[in-house]
Amino acid sequence: MKKEIDWANLGFGYMQTKSHIAYTWKDGKWNEGELVESPYLNIHIAATSLHYGQAAFEGLKAFTCKDGKVRVFRMEENAKRLQRSAERTFMPEVSTEMFNDAVQRVIADNKEFVPPYGTGGSLYIRPLLIGSGAEMGVKPSIEYTFIVMVMPVGPYYTNGLTPVKALIQDEYDRAAPQGVGDIKVAGNYAAGLYAQAKAKAKGYPIALYLDAKEHNYIDEFGTSNFVGIKADGTYVTPKSQSVLPSITNKSLQQIAEDLGYNVEVRPVAYSELGEFAEIGACGTAVVITLIESIDRNDDHIQVPTFNKETSVLSKLYNQIQAIQYGEVEDTHNWMTEVSL
Ligand SMILES: Cc1ncc(COP(=O)(O)O)c(C=O)c1O
């Protein structure tokens with residue numbers, strides 16, 4: 001039985017589901033994990049995650065496919081990214097097998113919250129790894145908690161892709177060149193809240209960051225990667241050590257290649273922005289957000305008007321969604337079936 005939810009009008013807000021799954025790491029090993037119905041964690045007041053930001057998370061989605069089966073998109077990639085985040089912040093590894101087990105078990109227990117096929121919705125999956133043991137000094141925790149929670153979410157765009165205005169604010173950086181911008185740690189997002197609020201207050205839904213060292217190259221948007229499409233259809237995305245390797249971006253690059261477009265992963269100079277026929281921001285939550293223009297001080301870069309018929313981003317968007325909803329063949333084995 002599905003829950004009585006207005007699937008077509010779901011947003012991206014928090015919604016209480018039946019349970020989350022929680023594992024504890026103590027004395028050098030993880031326990032078996034258990035499904036917990038209360039949405040509260042009982043955590044020590046001296047936990048390292050609370051004081052020193054020893055926390056990393058992930059975001060991925062499960063879809064009810066056309067054949068009625070529920071499948072998760074590129075789960076292994078998210079597991080690998082969490083492993084890199086854990087290593088860099090000195091937390092124990094969550095193996096790919098344990099990650100998969102956690103995701104499968106929590107979805108099975110919350111199956112009535114997976115949006116049905118045809119509603120445009122999906123089940124957002126949020127794994128979180130934190131230091132939960134008590135320490136007063138700055139050092140790694142002696143205990144860790146890994147949880148996975150799930151939440152039904154709607155399509156961001158009910159009327160197709162709608163372009164938005166982006167802002168570059170030179171007074172704020174997202175990530176230092178040899179810092180932690182390339183992993184998904186909680187502190188990166190706290191550090192971006194102020195700049196995001198400033199951009200919003202000026203009428204810009206999305207902030208774009210330049211490289212912190214020179215402010216000459218494009219890094220990424222606050223929570224999504226930068227993609228530019230040249231007039232000949234070439235897909236260009238920045239190569240930078242302070243950008244989070246987006247799984248959506250990686251997938252769109254593969255789809256672009258499959259469709260016969262060239263893909264370039266290389267430094268993208270700010271001065272090149274005016275040369276793109278299309279610009280998008282890509283990530284799990286929205287898939288692709290079209291960018292209408294980019295402002296930086298007195299500069300205004302206008303992206304050519306979106307044309308649905310010729311848009312490469314639109315084609316890529318449709319193709320990735322078709323793979324996720326099982327409407328076309330999953331030639332790269334990106335989807336993992338959930339045993340319900
Ligand atoms: C900083 C940042 N960049 C890019 C992305 C997009 O990554 P993905 O496509 O794996 O969701 C995210 C979201 O996870 C992000 O937080």
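Return yes or no: is residue 108 small (Gly, Ala, Ser), within 24 Å of residue 54 (Cβ to Cβ) and either in contact (Cβ under 8 Å) with a residue 12 or more places away in the chain or in the same structural domain as residue 45 (by TED's automatic domain parsing) (or both)? Before the answer, list the steps.
Values: small (Gly, Ala, Ser): yes; within 24 Å of residue 54 (Cβ to Cβ): no; either in contact (Cβ under 8 Å) with a residue 12 or more places away in the chain or in the same structural domain as residue 45 (by TED's automatic domain parsing) (or both): yes.
It is false that residue 108 is small (Gly, Ala, Ser), within 24 Å of residue 54 (Cβ to Cβ) and either in contact (Cβ under 8 Å) with a residue 12 or more places away in the chain or in the same structural domain as residue 45 (by TED's automatic domain parsing) (or both).
Which residue, of 81, 74, is modelled with pLDDT of 95 or more, at positive phi and touching a helix residue (DSSP H, G or I) at 6+ places or on another chain (Cβ under 8 Å)?
Numbers: 81 fails: at positive phi.
Only one candidate passes the filter, namely 74.
Name the residue that is farthest from residue 28 (Cα to Cα), counting only residues in the stretch 120-144 that are over 21 Å from the mean Cα position of the chain (by Cα) and hydroxyl-bearing (Ser, Thr, Tyr).
Going through the stretch 120-144, the residues over 21 Å from the mean Cα position of the chain (by Cα) turn out to be 131-144.
This time we only want the ones that are hydroxyl-bearing (Ser, Thr, Tyr), so: 132, 141, 144.
Working: 132: 14, 141: 11, 144: 10 Å.
Among them, the one singled out is 132.
Quick check on residue 209: is it farther than 24 Å from residue 311 by Cβ, within 16 Å of the ligand (Cβ to nearest atom) and assigned by TED's automatic domain parsing to the domain that holds residue 275?
On the way: farther than 24 Å from residue 311 by Cβ: yes; within 16 Å of the ligand (Cβ to nearest atom): yes; assigned by TED's automatic domain parsing to the domain that holds residue 275: yes.
Criteria met by residue 209.
I'd like to check something: does the stretch 231-243 contain any residue that is surrounded by 15 or more Cβ atoms within 10 Å (Cβ to Cβ), under 30 Å from residue 260 (Cα atoms) and near the ligand (Cβ under 9 Å from one of its atoms)? Write out each step before concluding.
Here is the first cut: in the stretch 231-243, the residues surrounded by 15 or more Cβ atoms within 10 Å (Cβ to Cβ) are 233-238, 240, 242-243.
Next, from what is left, pick out any that are under 30 Å from residue 260 (Cα atoms): 233-238, 240, 242-243.
Cutting the leftovers down to near the ligand (Cβ under 9 Å from one of its atoms) gives us 243.
Yes, the stretch 231-243 contains a residue that is surrounded by 15 or more Cβ atoms within 10 Å (Cβ to Cβ), under 30 Å from residue 260 (Cα atoms) and near the ligand (Cβ under 9 Å from one of its atoms).
Every residue, every condition in (1) at pLDDT 95 or above; (2) closer than 23 Å to residue 284 by Cα, yes or no:
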site: 159; (1), (2): no, yes
site: 185; (1), (2): yes, yes
site: 214; (1), (2): yes, no
site: 225; (1), (2): yes, yes
site: 228; (1), (2): yes, yes
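Return a yes/no flag: does the stretch 55-62 have any residue that is within 16 Å of the ligand (Cβ to nearest atom), assigned to a loop (DSSP other than H, G, I, E, B) and either modelled with pLDDT of 95 or more or at positive phi (or both). I'd like the intermediate steps shown before the answer.
The first filter runs over the stretch 55-62 and keeps only residues within 16 Å of the ligand (Cβ to nearest atom), leaving 55-62.
Retained after the next criterion (residues that are assigned to a loop (DSSP other than H, G, I, E, B)): 58-59.
Okay, now just the ones that are also either modelled with pLDDT of 95 or more or at positive phi (or both), so 58-59.
Within the stretch 55-62, one or more residues are within 16 Å of the ligand (Cβ to nearest atom), assigned to a loop (DSSP other than H, G, I, E, B) and either modelled with pLDDT of 95 or more or at positive phi (or both).
Out of all the residues in the stretch 176-198, is one or more surrounded by fewer than 19 Cβ atoms within 10 Å (Cβ to Cβ), within 22 Å of residue 245 (Cβ to Cβ), of a type outside the set (Asp, Glu) and not assigned by TED's automatic domain parsing to the domain that holds residue 309?
There is no residue in the stretch 176-198 that is surrounded by fewer than 19 Cβ atoms within 10 Å (Cβ to Cβ), within 22 Å of residue 245 (Cβ to Cβ), of a type outside the set (Asp, Glu) and not assigned by TED's automatic domain parsing to the domain that holds residue 309.
Assigned by TED's automatic domain parsing to the domain that holds residue 54, among the basic types (Lys, Arg) and surrounded by 20 or more Cβ atoms within 10 Å (Cβ to Cβ), is that true of residue 84?
Values: assigned by TED's automatic domain parsing to the domain that holds residue 54: yes; among the basic types (Lys, Arg): yes; surrounded by 20 or more Cβ atoms within 10 Å (Cβ to Cβ): no.
Answer is no for this residue.
Residues that are hydroxyl-bearing (Ser, Thr, Tyr): find the strands (runs of 3 or more DSSP E) completely inside the stretch 215-309 holding 1 or more of those. First the steps, then the outcome.
Numbers: elements: 218-221, 225-229, 235-237, 263-265, 278-283, 287-296, 299-302.
Qualifying strands (runs of 3 or more DSSP E): 235-237, 287-296.
List pairs: first residue in the stretch 280-307 and without any contact (Cβ under 8 Å) to a residue 40 or more places away in the chain, second residue crowded, with 20+ Cβ neighbours inside 10 Å anywhere in the structure, Cβ distance under 7 angstrom, at least six positions apart or on different chains.
301/273; 301/294
The values are calculated or read from the model by the stated rules, or taken from the named source; none is laboratory data. For clarity, every value in this text was computed on a predicted model and none was experimentally measured. Note that each Cβ is placed from the backbone with ideal geometry, even for glycine, and that neighbours are counted across all protein chains shown.
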